[in-house]
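Shown next, in structure tokens, is the structure this report addresses.
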Amino acid sequence: MTEPVVIATWPFGKIAVETAYPLLNQGTSALDAALAGAKAVEDDPRVDSVGFGGIANSIGTVSLDACVMDGRTLACGAVAGLENIRHPADVARKVMEKTPHVLLVGEGARWFALQSGFPLASLHTPESVAAWARRQPKEAIPTVPRGGPDNHDTVTVLALDQKGHLGGVCTTSGLAFKLPGRVGDSPLIGHGLYVDDTAGAAGATGVGEEIIRIAGSFYIVEQMRAGKSPQEACELAVKRVNATAVRRGVHPASVAFLALSPDGRFGAACTIPAKFQFALGRAGKIEMLTAKSIGPEAP
Ligand code: GLY
């Protein structure tokens, strides 16, 4: 039997790990446990960057992105720009299980969710509406993403189950005040999440545009396939984000990565602005850890 492990992004990842880790220890599959953990974060209105209570886009709509991936078979599903549905990761799983497709977007994703029995829901809370009104940008089309440390905090959950299988989930309301129609890394397989039992699992959080630019999660998994440890692979991805920023003449955005290997080793790294904490369930305990920060000058 494999010793289960689960990791999840940010301090609120603890909510996910506290839900997923006991399930893994009871024999629940990696994907089921990761989904239960992600759903607990989606349901928590205090988390204003995921699911219910997420900060809205530039026109005041909460627009959700999510994906799931099963490391046994590379089965995956995703939704982007999903409105008025409370559990986007569950809908992504239905896309994986019930359709021949990987990604459904916008009105089509919502139609599919309703057909699948998900109820329509308001995702606003009094607090999220007030936060949106307080911080709303003046310009209709901002020229730079409003990527502060507190407005793009995806929850990514990576799990290893007792049978030695990997599963992962990534879910977010995305960059606060994003343009309507903007899609980040989180619903894009290979960018916000990638999971393959034969190499490892990786997930991302932070400014999605910078993660997409380097295909972050796929890059990390392929580094592990080539023999790098999860920690080395995450650090390489951060260095690539940094190098890309240098080439573009900008300061690196806030980006962080997590990785988990099929034998239960984990890694985490972030760019300097990110100050990235994550939650870990392993060896009978749950703890919060801080990722290694790497600036553009690092060798
Ligand atoms: N990483 C989440 C986003 O950029 O939307």
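Every number in this text was worked out from the coordinates using simple rules, so none of it is lab data. What you see is a predicted model, and the numbers here were worked out from it, not measured in a lab. So basically every Cβ, Gly included, is an ideal-geometry build from the backbone, and we count neighbours across all protein chains shown.
In order along the stretch 102-118, phi translates into HN-Hα couplings of 10, 10, 10, 10, x, 4, x, 5, 5, 4, 4, 4, 5, 4, 8, x, 6 Hz, rounded to whole numbers, per the Karplus curve 6.51 cos²θ - 1.76 cosθ + 1.60 with θ = phi - 60° and x for Gly and Pro. Classify the stretch 1-66: rounded, prolate or oblate, from the alpha-carbon gyration tensor (a ≥ b ≥ c, eigenvalue square roots; a/c under 1.5 rounded; otherwise prolate if a/b is larger than b/c)? Taking the square roots of the gyration eigenvalues as a ≥ b ≥ c, the stretch 1-66 is prolate. Placing unit charges on the Cβ atoms only, positive for Lys and Arg and negative for Asp and Glu, gives the chain a dipole magnitude near 480 debye about its Cα centre. When you restrict to C-alpha pairs under 8 Å that are six or more residues apart and normalise by the size of the stretch 62-122, the relative contact order lands at 33 percent. Measuring how big the stretch 156-299 is from its alpha-carbon positions, Rg and Dmax come out at 14.4, 46 Å. Calculate I(q)/I(0) for the chain by the Debye formula, one identical point scatterer on each C-alpha and no solvent, and give its log10 at q = 0.07, 0.10, 0.15, 0.16 Å⁻¹ to two decimals. At q = 0.07, 0.10, 0.15, 0.16 Å⁻¹ the computed log10 ratios are -0.22, -0.46, -1.06, -1.21. Using θ = phi - 60° in the Karplus curve 6.51 cos²θ - 1.76 cosθ + 1.60, the 3J(HN,Hα) couplings for the stretch 54-67 round to x, 6, 6, 7, 5, 10, x, 9, 7, 10, 9, 10, 7, 8 Hz; x is entered for Gly and Pro. When shorter helices are ignored and each DSSP H run of at least 4 residues is given -39500 (n - 2.57), the per-residue value for the chain at 222 nm works out to -9500 deg cm²/dmol. For the listed residue pairs Lys94/Lys275; Lys178/Lys292; Lys39/Lys163, the alpha carbons are over 25 angstrom apart in Lys94/Lys275; Lys178/Lys292. For the stretch 2-19, 3J(HN,Hα) computed residue by residue from phi via the Karplus equation (6.51, -1.76, 1.60; θ = phi - 60°) reads 7, 6, x, 9, 9, 10, 8, 6, 6, x, 6, x, 4, 4, 5, 5, 5, 7 Hz, glycine and proline entered as x.
Amide H contacts of Ile85 (H built 1.01 Å from N, in plane; Pro and chain starts excluded): Ala121 sit under 5 Å, all sequence-distant by 5 or more or on other chains. Its convex hull of Cα atoms gives the stretch 28-143 a direction-averaged projected area, equal to a quarter of the hull surface, of 8.2 nm². Springs between alpha-carbon pairs under 10 angstrom, Gaussian network model over the chain: which of Leu114, Leu258, Leu280 fluctuates most? In this elastic network of the chain, the residue with the biggest mean-square fluctuation among Leu114, Leu258, Leu280 is Leu114. Averaging the sequence gap over all C-alpha pairs within less than 8 Å and six or more residues apart, then dividing by the number of residues, gives the stretch 172-299 a relative contact order of 20 percent. Short-range pairs are left out: with C-alpha atoms under 8 Å and at least six residues apart, the relative contact order of the chain is 22 percent. With Cα atoms defining each centre, the stretch 63-82 and the stretch 263-287 are spaced 22 Å apart in the structure.
Give the shape of the stretch 35-98 as rounded, prolate or oblate, defined through the alpha-carbon gyration tensor: a ≥ b ≥ c are the square roots of its eigenvalues, a/c under 1.5 means rounded, and otherwise the shape is prolate if a/b is larger than b/c and oblate if not. It comes out prolate by the Cα gyration axes.
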